[in-house]
Amino acid sequence: MNKIFEIPLYPYARHPDQDATTPVQHKVIIIGAGPVGLAAAIDLAQRDVPVLVLDDNDRVSFGSRAICFSKRTLEILDRLGCGDVNVETGVTWNTGRVFFNEREIYTFNLLPEEGHKRPAFINLQQYYFEQFLFERVQQLVEEGKPIEIRGRNRVEAIGAHPDHVRLEIETPEGPYELHAEWLIACDGANSPTRRMMGLDFVGRVFEDNFLIADVIMKADFPTERWFWFDPPFNRGQSALLHRQPDNVWRIDLQLGWDIDREAEKRPERVIPRLKAMLGEDVEFDLEWVSIYTFQCRRMERFRHGRVIFAGDAAHQVSPFGARGANSGLQDVDNLCWKLAMVLEGQAPVRLLDSYDWERVYGADENILNSTRSTDFITPKSEMSQIFRDAVLDLAARHEFARPLVNSGRLSVPCVYDDGPLNTDDISNTLPARTRPGAPVEDAPLGEGWLIDALGEGFTLLAIDTACPQDVTLEGVALTTLSVGAKDNPLLGARYLGAQPHAVYLVRPDQHIAARWAEYNEEAVSASLKRATARA
Ligand SMILES: Cc1cc2nc3c(=O)[nH]c(=O)nc-3n(C[C@H](O)[C@H](O)[C@H](O)COP(=O)(O)OP(=O)(O)OC[C@H]3O[C@@H](n4cnc5c(N)ncnc54)[C@H](O)[C@@H]3O)c2cc1C
């Protein structure tokens, strides 16, 4: 097994803050150096916001967790400066196959159109994902960006005050205290911060167990996602197969609720199950075995004064659909530009309430999709089972039934329809897919990609119409990107449809705030005010 989780990446080192007579105040402290905490730290440091990450560990997370990272996550990683290494190391896939009983019933392509820089998904072990984020942190340190990680610093108590948060921290050399202007809690599903603040989750716990077996084998299965309903090798249950780098294959086998978890993890139980699935002659080595159960639930609110929750600390879903880390990265994308603007005095604190609105909305969408997948995969009554099996039978023969099959609708970014920062879309003759609230749709732009050409802050995307270059409105500097649809036809199709020209206002997280047929300073100023919560 890859041993990178045995190597301390950010070992404990004594810091002068530990010897200060009064607690040192930091601008932003993040609890947790998981994927979400590391990504948030990078995003803030790139915006020159000083950030300190505290983690009770000193290395990447142990074992086998997330493997599927979505197109939107890869686009966010591009913005954070580490997209390429993830895509180059990961296994790219767009195609899924669905099996029912003994036969394949259909295939689907998650990215059925050309003209996107990133694929629908890559498969990559979570420990690599975290390692590449950590390496990006190191690069930023070398560039002199204000970012620091302290390993083996466990946060033990929190005091939330109107103007700061007090943290009590335990280290191998004893306790010390810090103050933070803002605290971001990325401390995972069991979030000690949530517990210390007496906050809880709302949602459902599912009564099911899934066996994860990561095996090393040289197999010639194609690089696709294969999902089985009721296969002969796991009767009455489901199964999933994914390829990861290093010839590692992830197999998920549903086991049901009433099992002896310890016994099911033993090789003498696991290996026959895998042989039944892969074939008696296939040679493999077991790399990792665990059993997981899951919950679909979220906190009622993600912002509590100066303490903001993100990632698994704020919401949890079933692994079907790969919505855990992917949605955590979308939290980061949404939060960090807002917090940076608040800290720079460019926006009022209430801009952060839109993080709450938008990401709670996103979490609800994920929970709904995840719960529906789980209910389809594991019907809860005889009638649901009959309906489910009928849908699967129909899907084998008729295309119309395929959208009804739910083997885990895979993570796509949320469109913040009716979001508080959107300007009403009066120009509804433009394409629906690029409406206010939607994340930008990538498209080829000259020799490169639209997604890479957008600014770090707000961008005006002007297509076939005049637009002033890089203006400052309402105290906010705008980057202008003027493009022609004739030379960039896919961009034209995605942003103009049948219209001759348009101007889009794109937020720093690459979601669309507003759009018009042409540039109008008054209209753009009003939308900027709205998009920064100053309306
Ligand atoms: C079997 C399985 C499969 C999955 N598959 C996918 C998938 O394919 N795609 C996907 O997107 N997601 C998937 N997920 C979900 C994904 O693993 C999580 O969503 C992700 O790890 C959440 O990241 P996080 O940073 O919020 O939390 P975590 O990764 O849990 O990180 C929390 C960090 O906080 C630290 N911490 C905790 N308490 C303290 C404290 N008191 N003081 C200091 N530090 C502290 C911890 O050490 C840890 O480093 C899967 C999960 C499982 C279990």
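The values are calculated or read from the model by the stated rules, or taken from the named source; none is laboratory data. These numbers were taken from a predicted model, which means no experiment stands behind them. Because the Cβ atoms are built from the backbone with ideal geometry, glycine has one as well, and the counts that use them run over all protein chains shown.
Looking at P231, is it more than 14 Å from the ligand (Cβ to nearest atom), surrounded by fewer than 17 Cβ atoms within 10 Å (Cβ to Cβ) and more than 16 Å from P319 (Cα to Cα)? In short, no.
Only residues that are within 15 Å of the ligand (Cβ to nearest atom) and either closer than 21 Å to G408 by Cβ or β-branched (V, I, T) (or both) were counted in segment 76-117, giving 7. The single condition among (1) in contact with a strand residue (DSSP E or B) (Cβ under 8 Å, 6 or more places away or on another chain); (2) under 30 Å from Q510 (Cβ atoms); (3) among the hydrophobic types (A, V, I, L, M, F, W, C); (4) modelled with pLDDT of 85 or more that L392 does not meet is (2). The residues on offer are I122, I158, and the sole one that is farther than 28 Å from V349 by Cα and within 13 Å of the ligand (Cβ to nearest atom) is I122. In segment 9-33, the residues that are in the same structural domain as E135 (by TED's automatic domain parsing) reach residues that are in a loop (DSSP other than H, G, I, E, B) and aromatic (F, W, Y) with C-beta atoms within less than 8 angstrom, at least six apart or across chains, in these pairs: A33/Y10. If the Cβ limit is 6 Å and pairs must be 6+ apart or interchain, which residue in segment 271-293 that is within 12 Å of M217 (Cα to Cα) pairs with which residue that is of a type in the set (D, E) and within 16 Å of the ligand (Cβ to nearest atom)? Sorted first by the residue in segment 271-293, then by its partner, the pairs are E287/D214.
Can you tell me which residue in segment 517-535 is nearest to T480 (Cα to Cα), limited to those that are assigned to a loop (DSSP other than H, G, I, E, B) and within 27 Å of the chain's Cα centre (by Cα)? Show your work before the answer.
First pass over segment 517-535, keeping only residues assigned to a loop (DSSP other than H, G, I, E, B): 517-520, 532-535.
Remaining after also requiring within 27 Å of the chain's Cα centre (by Cα): 532-533.
On the way: T532: 18, A533: 22 Å.
That would be T532.
Quickly run through segment 187-204 and pick out the residues that are in a loop (DSSP other than H, G, I, E, B) and either away from the ligand (no atom under 15 Å from the Cβ) or of a type in the set (A, V, I, L, M, F, W, C) (or both). Reasoning before the result, please.
To start, the set of residues in segment 187-204 that are in a loop (DSSP other than H, G, I, E, B) comprises 187-191, 197-200.
Those that are in a loop (DSSP other than H, G, I, E, B) and either away from the ligand (no atom under 15 Å from the Cβ) or of a type in the set (A, V, I, L, M, F, W, C) (or both): A189, M197, G198, L199, D200.
The listed residues are G63, G81, and the only one of them that is surrounded by fewer than 24 Cβ atoms within 10 Å (Cβ to Cβ) and under 17 Å from the mean Cα position of the chain (by Cα) turns out to be G81.
Yes or no, residue by residue, for (1) in contact with a Leu (Cβ under 8 Å, 6 or more places away or on another chain); (2) at pLDDT 95 or above; (3) under 21 Å from K117 (Cα atoms); (4) in a strand (DSSP E or B):
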residue: D442; (1), (2), (3), (4): yes, yes, yes, no
residue: I451; (1), (2), (3), (4): no, yes, yes, no
residue: G455; (1), (2), (3), (4): yes, no, yes, no
residue: T479; (1), (2), (3), (4): yes, yes, no, yes
residue: L491; (1), (2), (3), (4): yes, yes, yes, no
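Among residues of segment 172-186 that are assigned to a strand (DSSP E or B), those with a Cβ under 8 angstrom from a residue that is aromatic (F, W, Y) and crowded, with 24+ Cβ neighbours inside 10 Å, sequence gap 6+ or separate chain, pair up as I184/F309; A185/F309. I'm trying to understand the selection: among the residues of segment 412-440, which are under 17 Å from Q330 (Cβ atoms) and at pLDDT below 95? Hits for segment 412-440 are V412, P413, C414.
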